[in-house]
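To start, the structure under review is shown below, and the notes come after it.
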Amino acid sequence: ARILRDTVPAFGIRDMKLSVASLPVSVSARIRLPENKCEIKGSLDIDGCRINDLTDDFVKGIIPEAENLSTDAAIYLHADVDGDYDFEKGTLPSFDARMEIHESEFRWKGMDEVVKLAMKAAVATGNSGQINASFDNLYARTEGLKLQLAGGASDLLGEDPSITLDGMLDADLDSLSRFVPDSMNIDLKGRINAGIKGNARLSQLSIYNF
């Protein structure tokens, strides 16, 4: 880091590397501190954080069952920030964050099945300052099941975010029946091939209405 000469307190960070809860983080930024504000322009990168490292060092302390997960998946993330944080108004600077998990294998202790999963997602501020999220390639596949989804949510911090989904599902119920406990006395047969498309407000969704 270095202190910048300015009439306003300011400092710069260039390629600072640190580890936060197993996340290998690289940060570059220029920060100015005028009265009641924090002006920031910078970027943050996470380059290949292994999900199993996160579960071993952090998650399983909160969710003990997470120790049953085994995967070769890693998280890649790049985020840009440019704007002001206003301490009085609580307004956030503009930001754009994009995350990707390349196709990876997920296993659960005690089960033979392997789930392959890949994902691309983004979170960013919109023109009017609201926070929007999207994913354009959520892909999951295991024996008897294939799922592809895209979608998003707008105005995440608003009173009633809007949610969209678009994708497809292909399921062999005979194969998936092995996941159903015998105690439930459910016999699954047949195949489901369906398109998934929808747009709704969060307030319109429930376990009984979707």
Picking from Ile75, Ile13, Ile51, Ile62, the residue that is at pLDDT 80 or above, in contact with a Cys (Cβ under 9 Å, 6 or more places away or on another chain) and not polar (S, T, N, Q) would be Ile75
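Under 27 Å from His102 (Cα atoms), surrounded by fewer than 13 Cβ atoms within 10 Å (Cβ to Cβ) and either modelled with pLDDT of 90 or more or among the acidic types (Asp, Glu) (or both): is that true of Ala150 in this structure? Give the steps one after another, and end with the answer.
Working: under 27 Å from His102 (Cα atoms): yes; surrounded by fewer than 13 Cβ atoms within 10 Å (Cβ to Cβ): no; either modelled with pLDDT of 90 or more or among the acidic types (Asp, Glu) (or both): yes.
For Ala150, the condition - under 27 Å from His102 (Cα atoms), surrounded by fewer than 13 Cβ atoms within 10 Å (Cβ to Cβ) and either modelled with pLDDT of 90 or more or among the acidic types (Asp, Glu) (or both) - is not met.
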Those residues of segment 100-111 which are touching a helix residue (DSSP H, G or I) at 6+ places or on another chain (Cβ under 9 Å) and either aromatic (Phe, Trp, Tyr) or loosely packed, with under 15 Cβ neighbours inside 10 Å (or both) amount to Phe106, Trp108, Lys109, Gly110, Met111
Quick count over segment 112-142, residues being of a type in the set (Val, Ile, Thr) and surrounded by fewer than 16 Cβ atoms within 10 Å (Cβ to Cβ), is 1
Just wondering, is there one or more residues in segment 170-188 that are assigned to a strand (DSSP E or B), open to solvent by 40 Å² or more (accessible area, probe 1.4 Å), among the acidic types (Asp, Glu) and at pLDDT 90 or above?
no
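Out of segment 45-83, which residues are without any contact (Cβ under 8 Å) to a residue 12 or more places away in the chain, open to solvent by 30 Å² or more (accessible area, probe 1.4 Å) and in contact with a helix residue (DSSP H, G or I) (Cβ under 7 Å, 6 or more places away or on another chain)? Quick ask: steps written out before the conclusion?
Within segment 45-83, the subset without any contact (Cβ under 8 Å) to a residue 12 or more places away in the chain is 59-66.
Then keep just the ones that are open to solvent by 30 Å² or more (accessible area, probe 1.4 Å); that gives 59-65.
Hits for segment 45-83 are Val59, Lys60.
For segment 47-127, give me every one of the strands (runs of 3 or more DSSP E) that falls completely inside it and has 3 or more residues that are closer than 30 Å to Lys37 by Cβ.
On the way: elements: 69-71, 74-86, 94-108, 114-125.
The strands (runs of 3 or more DSSP E) meeting that bar are 74-86, 94-108, 114-125.
Inspect segment 84-99 for any residue being under 21 Å from Tyr139 (Cα atoms) and either acidic (Asp, Glu) or open to solvent by less than 60 Å² (accessible area, probe 1.4 Å) (or both) and give the result as yes or no. If you could, list the steps in order and put the result at the bottom.
Residues of segment 84-99 that are under 21 Å from Tyr139 (Cα atoms), as a first pass: 97-99.
In the following step, the residues that additionally are either acidic (Asp, Glu) or open to solvent by less than 60 Å² (accessible area, probe 1.4 Å) (or both) were identified as 97, 99.
Yes, some residue in segment 84-99 is under 21 Å from Tyr139 (Cα atoms) and either acidic (Asp, Glu) or open to solvent by less than 60 Å² (accessible area, probe 1.4 Å) (or both).
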Of the residues in segment 21-41, those that are closer than 28 Å to Lys89 by Cβ and open to solvent by 40 Å² or more (accessible area, probe 1.4 Å) come to Arg30, Arg32, Leu33, Glu35, Asn36, Lys37, Glu39, Ile40, Lys41
Exactly one of Asp57, Asp45, Asp86 is of a type outside the set (S, T, N, Q) and at pLDDT 90 or above, and that residue is Asp45
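The values are calculated or read from the model by the stated rules, or taken from the named source; none is laboratory data. Values in this document were obtained by computation on a predicted structure and should not be read as measured data. Cβ coordinates were reconstructed from backbone atoms using ideal geometry, including for glycine residues, and neighbour counts include every protein chain displayed. Only protein heavy atoms, including side chains, enter the accessible area calculation; ligands, DNA and RNA are left aside. Shrake-Rupley method; radii C 1.70, N 1.55, O 1.52, S 1.80 Å.
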